[in-house]
Amino acid sequence: LPRQALAIGGDEFKGSTLGVILALGAIVSMVVAPLFGALSDRIRTPWGRRHPWLVAGTLFNIAGLIALAYIPATPSAIVPYILAFMWIQLFNNLATAPYSALIPDVVPPDQRGSASGWLGLMTMLGNFAGTAVGFVLGMIGVAGAYWIIAGILLVGMIGTVTTIKEQPVTHAPPPFRWREFLAGLLSPFKSRNFAWVFWTRFLVVMGTFTVQQFLQYYMGDVIGAPFSFFGAVLTSDPAAATAFFLLMLLIGAIASSLAAGALSDRYGRKPMVYLSGGLQAIVVIIFIFYGSFELAIVLGLIFGLGYGAYQSVDWALATDVLPSLDDYAKDMGVWHVAVTLPQVLATPIAGVLLDNFQRVGQRHDLPNLGYTVIFTLAALYFIFGTVLVKNVRGVR
């Protein structure tokens, strides 16, 4: 996406272009995730209440990925490009909103930390495999990358529906009514704990997207090619340099996700959240003052330790405070908005700040001013999102 956004918007407006694309897709995700989750809570089929959504959503998602692979990344193609991305987000959520309820569906509460740790580990391994595509993007091209994504989604969907047995529901669910659904979007926030978990998650994800989506530009503009690691030139491509950073991030995340989930079952969720959020904030603060590729690689590992731990523990924390046994998928869909709403806000805000403060910095001999501004903002998101978890009551 950053590479295609650069081709569509040009170097001067790359941040704003990427922000608009991601924001419009995230709006779709934010709107439909609770809807599809609520429908899967209430609709019964011979194949279960989650599996049919996963199959249909994945197949239509793949169609959108193939379209995105062949739409030319030119300024005149921005409208069909955005429409294809919105299509992907629509059907991605058709699959993932019901899928997100599988852990609370099948895992006892006292094992959710460990189960979420395994989920986090598998997520990190998937990201690890995806990052590897960045190293060969020049050889396979953008279209090849999208075909790889489509193939992996298909395999993952088939594996899920053929191996995971849904638990039978012993009571009849209430019928789906629009008025009750719309009211139900706000009802989880009547739970004080759910509200605090939602907003702290929101802040941390704001920090993640403020940094993550602009790493490729940071590599090219601040660190600059060639990208050497203690004298050995690894690459001259900012996309590949970003892949090296993400590779180290994912190594750290894989190492911490399982351990943090299991430790949170034993010692509590909050200590793991404090540690993981603190690590992420420290790394971003260091980025503000130093622009070394060697240091970036090391910091990627440290950031990954915090990122992996947070992803596994925060999921368990969310399942601990879900307010309704009958509305797992709908409430998880509402909680998922804490991931999608930051995409609507964080990337466009950071993109506009980056483009404008870079121009200001160039006039005042501060060439990296835009990155200083957005990384400072990200550090504040991480700090507040971590500290405010103390307000969640009844959970260690």
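The values are calculated or read from the model by the stated rules, or taken from the named source; none is laboratory data. The structure displayed is predicted, hence computed values, not measured ones. All Cβ positions, even for glycine, are placed from backbone atoms using ideal geometry, and neighbour counts span all protein chains on display. These accessible areas exclude ligands, DNA and RNA; they are computed on the full protein's heavy atoms, side chains included. Shrake-Rupley method; radii C 1.70, N 1.55, O 1.52, S 1.80 Å.
Data for the structure
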item: Residue in the range 262-271 that is within 19 Å of the chain's Cα centre (by Cα) and part of a helix (DSSP H, G or I) present; result: no
item: Some residue of the range 170-188 being in contact with a Gly (Cβ under 9 Å, 6 or more places away or on another chain), surrounded by 14 or more Cβ atoms within 10 Å (Cβ to Cβ), modelled with pLDDT of 70 or more and not hydroxyl-bearing (Ser, Thr, Tyr); result: no
item: Residue in the range 246-256 that is farther than 21 Å from residue 313 by Cα, among the β-branched types (Val, Ile, Thr) and open to solvent by 50 Å² or more (accessible area, probe 1.4 Å) present; result: no
item: Filter pass, residue 40 being polar (S, T, N, Q), touching a Phe, Trp or Tyr at 6+ places or on another chain (Cβ under 8 Å) and touching a residue at least 60 places away in the same chain (Cβ under 8 Å); result: yes
item: Of all residues making up the range 8-29, the number that are touching a residue at least 60 places away in the same chain (Cβ under 8 Å) and either open to solvent by 50 Å² or more (accessible area, probe 1.4 Å) or under 16 Å from residue 212 (Cα atoms) (or both); result: 15
item: Residue in the range 219-239 that is open to solvent by 30 Å² or more (accessible area, probe 1.4 Å) and under 19 Å from the mean Cα position of the chain (by Cα) present; result: no
item: Some residue of the range 363-370 being modelled with pLDDT under 75, more than 30 Å from residue 271 (Cβ to Cβ) and not acidic (Asp, Glu); result: no
item: Residue 276 open to solvent by less than 60 Å² (accessible area, probe 1.4 Å) and modelled with pLDDT of 85 or more; result: yes
item: Residue 291 outside any helix (DSSP H, G or I) and touching a helix residue (DSSP H, G or I) at 6+ places or on another chain (Cβ under 6 Å); result: yes
item: Pick from the range 362-372, criterion at negative phi and surrounded by fewer than 19 Cβ atoms within 10 Å (Cβ to Cβ), ranking: nearest to the chain's Cα centre (by Cα); result: 372
item: In the range 30-47, the residues that are open to solvent by 20 Å² or more (accessible area, probe 1.4 Å) and farther than 13 Å from residue 90 by Cβ; result: 39, 42, 43, 44, 45, 46, 47
item: When residues of the range 138-169 are limited to those that are modelled with pLDDT of 70 or more and of a type in the set (Gly, Ala, Ser), the one farthest from residue 66 (Cα to Cα); result: 159
item: Among the residues listed as 32, 79, the single one being among the β-branched types (Val, Ile, Thr) and at pLDDT 80 or above; result: 79
item: Hits in the range 349-361 (condition: open to solvent by less than 60 Å² (accessible area, probe 1.4 Å) and either out of contact with any Gly (no Cβ under 9 Å at 6 or more places or on another chain) or of a type outside the set (D, E, K, R) (or both)); result: 350, 351, 353, 354, 358, 360, 361
item: Elements of type helices (runs of 4 or more DSSP H) contained in the range 74-166, each with 2 or more residues being under 30 Å from residue 240 (Cα atoms) and in contact with a helix residue (DSSP H, G or I) (Cβ under 8 Å, 6 or more places away or on another chain); result: 78-99, 112-135, 137-163
